[in-house]
Amino acid sequence: MFSVVGAGVAGLCVTTVLAERGLPVELLSDDSIPASHWAGGMLAPGCEGESAPPEVIIAGVKAVEWWSSHVPGVVRRGTLVVAPPRDGAELDRFARMTTGHAPADPATLEPDLAGRFARGLFFADEAHLDPRKAMAALRDRLTAMGISIRQGQPRGKIIDCRGLAARDLLPDLRGVRGEMLIVDAPDVTLTRTIRLLHPRFPCYVVPRGAGRYMIGATTVETDDPGPVTARAVMELLSAAYTLHPGFAEARLIETGAGLRPAFPDNIPRIREEGGRIHVNGMYRHGFLMAPALAEKLADHLMIRKEKTCELN
């Protein structure tokens, strides 16, 4: 029996893949809110190439298909990247550092942006999802498969997906704070993820449906788990207003902040330490990397199983 500890995106993906491979598995969940609860849900390996290493991009390319085959609600309309005219150099820099894009007229893809941006980059193969709905769908899928989701102590080999809580065994983990807003903006109509480039206040806007949008982008090197700061709210709303003036009349529905777990090199990985298998260090790549790491771990465990059977 494998006991997966932690019910964020990593734990849910690991449990799902192990169950699909026919391995005995259970999921241990507590009442804590995982960092993935606050995620943007962007499946955007091309855009992440601005700062992410190749292994994240390669693994992330497969994430769109994995999520599309496991949960409803994956919106496959690509990512549009824009910059104000005065920040055109930022768009050129982003183009040089990323792949999988083509020049685009923002108004052609999103008529609501007409007259505001002269040019953009379109990453046609990217997608987005609602993280909370996606994780709930994975839980429902596991329940339908007869997989136990419970609280309490593990009963088998532990696969530790606790995120930052695993620092008791992984002391090199650090917290990277991310802050987000959810607004109701009836005067805005956007159908895909929009990334606004800015040398100081970049942001992304992700449609959540029914006139609601998630606005985010902050990456702060701190372990502070406190509420969103006034500065972050002002900067994010200011950036959103730069994207579309309709955000000035938006109603602020929710604010939130979470601590992403990260290793020193910001690359998610599988490690065996302290008698446990750890899947951790998701940084800002949880929804991109969790499926790939889950599949990699399942391959490893299946090989172990086969070798054990041969010895017996």
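Brief remarks follow.
- Counted over the chain, the DSSP beta bridges are approximately 70% antiparallel.
- Label-to-label distance, nm, for residues given as Arg231 and Asp187 (7 Å Cα→Cβ offset): 2.9 nm
- For Trp38, the solvent-accessible surface with a 1.4 Å probe is about 50 Å², rounded to the nearest 10.
- Between 0 and 90°, nearest 10: helix 131-144 axis offset from the chain longest Cα axis: 30 degrees
- The residues of region 210-312 present an accessible area of 50 Å² per residue when probed at 1.4 Å with all protein chains retained.
- Carbon and sulfur %, accessible surface of the chain computed with the full protein complex present, 1.4 Å: 54 percent
- Relative contact order %, the chain, counting alpha carbon pairs below 8 Å whose residues are six or more apart: 25 percent
- Packing rank of 40-49, 103-112, 181-190, where each peptide gets the mean count of other beta carbons within 10 Å, highest leading: 40-49, 181-190, 103-112
- Heavy atoms of the protein chains alone define the surface here; on that basis region 76-176 has 50 Å² accessible area per residue at 1.4 Å probe size.
- Residues listed by number, region 26-40, amide nitrogen under 18 Å from Ile253 label point at 7 Å toward C-beta: 37-40
- Take every DSSP beta bridge whose two residues both sit in region 160-312; close to 95 percent of them are antiparallel.
- Packing, taken as the mean count of other beta carbons within 10 Å per residue, orders the peptides 259-265, 138-144 from highest to lowest as 259-265, 138-144.
- Using the Cβ-Cβ distance between Asp105 and Arg155 with R0 = 45 Å, the FRET efficiency computed as 1/(1 + (r/R0)^6) comes to roughly 0.20.
- Candidate cross-link partners of Lys157 among the aspartates and glutamates, defined by an alpha-carbon separation under 19 Å and a same-chain spacing of 8 or more, comprise Glu20, Glu26, Asp30, Asp168, Glu272, Glu273, Glu295, Asp299, Glu306.
- For the residues Met97, Met234, a 1.4 Å probe over the protein chains yields an accessible-area ranking, largest first, of Met234, Met97.
- Area of Tyr241 that stays accessible when all protein chains are in place (1.4 Å probe, Å², to 10): 120 Å²
The values are calculated or read from the model by the stated rules, or taken from the named source; none is laboratory data. Just so you know, these numbers come straight off a predicted model, no measurement behind them. Heads up, the Cβs are rebuilt from the backbone with ideal geometry, glycines too, and the neighbour counts pull from every protein chain shown. Please note that ligands, DNA and RNA were not included when accessible areas were found on the heavy atoms of the full protein model with its side chains. Shrake-Rupley method; radii C 1.70, N 1.55, O 1.52, S 1.80 Å.
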